[in-house]
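Worksheet for the structure shown next.
The values are calculated or read from the model by the stated rules, or taken from the named source; none is laboratory data. Note that the structure is predicted; figures quoted are calculated from it, not measured. Don't worry about glycine lacking a Cβ; one is built from the backbone with ideal geometry, like all the others, and counts go over all protein chains shown.
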Amino acid sequence: MPQEYDFPFRGCLVHYEAPEISRGVLATGEAEPSQEADVYALGASLLISATGWRAVEYPDDAPRPVQREAVANGRRRPVKAPGELGDLIDAMLSHAPEDRPTIHEVGTALS
């Protein structure tokens, strides 16, 4: 890859960051990716796709540190997707990484 296109990853949209990722970025400027954080991101993607709402409440024009504080502190909207999909998304968006389903469990639930 040409060097002018090789740049360090700078993060993602905060809407999809797991609380532990936001806490890490706020504390140290860095974060360690994990499968649990990926499950959270997929849950956030499913929620916004199903409802049009991002998972965490903060002003639309809030700067990234304010957005990350909201994510890190768990200011999550209630999941209002219907039925089993809503239950799955709610579990995927758990504030505690260990309480989220595995990606295998998510795949099984979606199939």
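Candidates are the residues of the stretch 15-63 that are without any contact (Cβ under 8 Å) to a residue 40 or more places away in the chain and under 19 Å from Gly83 (Cβ atoms); the one that is surrounded by the fewest Cβ atoms within 10 Å (Cβ to Cβ) is Gly52.
Do we find a residue being basic (Lys, Arg), modelled with pLDDT under 95 and over 12 Å from the mean Cα position of the chain (by Cα) anywhere in the stretch 77-98? Yes; the residues of the stretch 77-98 include at least one that is basic (Lys, Arg), modelled with pLDDT under 95 and over 12 Å from the mean Cα position of the chain (by Cα).
Among the criteria (1) in a loop (DSSP other than H, G, I, E, B); (2) modelled with pLDDT of 90 or more; (3) not charged (D, E, K, R), the one Ala44 does not fulfil is (1).
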